[in-house]
Amino acid sequence: MASAAFKVGRKSSDGFILVAVLWILGGLAVLAAIYALYVVNAATSLEANNDRIQTNASVSAALELTAYYLGAVKPQERPTSGQFNFRVGGSNVAVGFRSEAARIDLNSAQPPLLAGLFRVFGAPSDAANNYAERVIGWRANATNTNPDQDKETTAYRNAGLTYDPRQAPFTNVQELWLVLGLPPAFVERAMPFFTVFSGMPTVNVIDAAPEVIAALPGMTPERLDAFLKQRHALRQDVNSVFQLLGPARVYATVQGSKAIRVTVRVELAKGRHINAEAVILLLEDAPDPYRVLSWTDDFDG
């Protein structure tokens, strides 16, 4: 009987040990799986961080080279647009730059020019003029002697909006979404042709998009077509440029601004492409050659 009891106890003990071992092995397997997942995630994170570092370095290098190139030229001889390519850290980088004077400045443009762009996108003349006045109303300074501005503020409140017009310059073109009475469709289409950085009431017609040139008051389809065909050939002939524009020359210039929009396309070593866009302000007699005014990229999709 004692021997039989001993055998039964031994089998029970063996079974307990076996179960314990299986539990330990299972726990180790879970830990191994967790560790493997951690390693994979860490590697992915490190790779993503490395790509971000490479992208930032490439875009920064593009801005540095653009500022250096333009800063080395006398202001009166400085090109208002251009492009170049280079390699850095295993990445291929394509760069294009263009003066912000090629866009319509929301803070400096007069109503006829603002209305002209809205008309280009299909707004009836009366509606386009109203949209331009709304833009002016947003940026107009608030004063005790400006009854029109009081009316503008009242209009926002009567519309049920929880904010008043800024009554100061636009800080970003995205503020167009806040301006009372502007249809979203027109805001979306017009936004790529506006800026807040040029500080100029005129537009550089050599570099401007066709939509911007078409917006110049006094421009006709025939004159626009003729001008677009000849403008680059006449880049250095200012008199001929203005002659081609006719009455539209009042809002035109061939001068650039100190604000430069830089577009960058980075091709990383593994073939991924990142697009970035920044606006820089060229500085003179300052410790740094330029200052970044805005920077966006599609790294995160």
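The values are calculated or read from the model by the stated rules, or taken from the named source; none is laboratory data. Since the model is a prediction, treat every value here as computed from it, not as a measurement. Glycine also receives a Cβ, built like all others from the backbone with ideal geometry; neighbour counts cover every protein chain displayed.
Summary table below
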| read-out | value |
| --- | --- |
| Close pairs from segment 65-82: first farther than 13 Å from Lys258 by Cβ, partner part of a helix (DSSP H, G or I), Cβ under 9 Å, at least 6 apart | Pro79/Tyr69; Pro79/Leu70; Ser81/Ala102; Gly82/Thr66; Gly82/Tyr69; Gly82/Leu70 |
| Long-range neighbours under 7 Å by Cβ, at least six apart or interchain, first residue more than 25 Å from Val262 (Cα to Cα) within segment 100-114, second in a loop (DSSP other than H, G, I, E, B) and at pLDDT 95 or above | Gln110/Pro201; Pro112/Pro217 |
| Given (1) surrounded by fewer than 16 Cβ atoms within 10 Å (Cβ to Cβ); (2) at pLDDT below 95; (3) not acidic (Asp, Glu), index of the condition Gln174 fails | (2) |
| When residues of segment 99-113 are limited to those that are assigned to a loop (DSSP other than H, G, I, E, B) and in contact with a strand residue (DSSP E or B) (Cβ under 7 Å, 6 or more places away or on another chain), the one surrounded by the fewest Cβ atoms within 10 Å (Cβ to Cβ) | Leu106 |
| In segment 253-295, the residues that are of a type outside the set (Gly, Ala, Ser) and in a loop (DSSP other than H, G, I, E, B) | Val254, Gln255, Lys258, Leu268, Lys270, Arg272, Leu283, Glu284, Asp285, Pro287, Asp288, Pro289 |
| Output for segment 229-248, where each listed residue is part of a loop (DSSP other than H, G, I, E, B) and crowded, with 17+ Cβ neighbours inside 10 Å | Arg231, Leu234 |
| Residue under evaluation Ala29, criteria (1) in contact with a Lys or Arg (Cβ under 6 Å, 6 or more places away or on another chain); (2) modelled with pLDDT under 90, criterion not met | (1) |
| Verdict on Gly116 being surrounded by fewer than 19 Cβ atoms within 10 Å (Cβ to Cβ), over 26 Å from Arg157 (Cα atoms) and at pLDDT 95 or above | no |
| Pairs, first more than 16 Å from Arg134 (Cβ to Cβ) in segment 184-196, second basic (Lys, Arg) and modelled with pLDDT of 95 or more, C-beta under 7 Å, six or more apart | Phe193/Arg103; Thr195/Arg103 |
| Odd one out for Ile213, checked against (1) out of contact with any strand residue (DSSP E or B) (no Cβ under 6 Å at 6 or more places or on another chain); (2) surrounded by 19 or more Cβ atoms within 10 Å (Cβ to Cβ); (3) assigned to a loop (DSSP other than H, G, I, E, B) | (3) |
| Matching residues, segment 146-162, being modelled with pLDDT of 85 or more and not acidic (Asp, Glu) | Lys151, Thr153, Thr154, Ala155, Tyr156, Arg157, Asn158, Ala159, Gly160, Leu161, Thr162 |
| Positions within segment 56-112 being in contact with a Leu (Cβ under 7 Å, 6 or more places away or on another chain) and among the charged types (D, E, K, R), in sequence order | Arg78 |
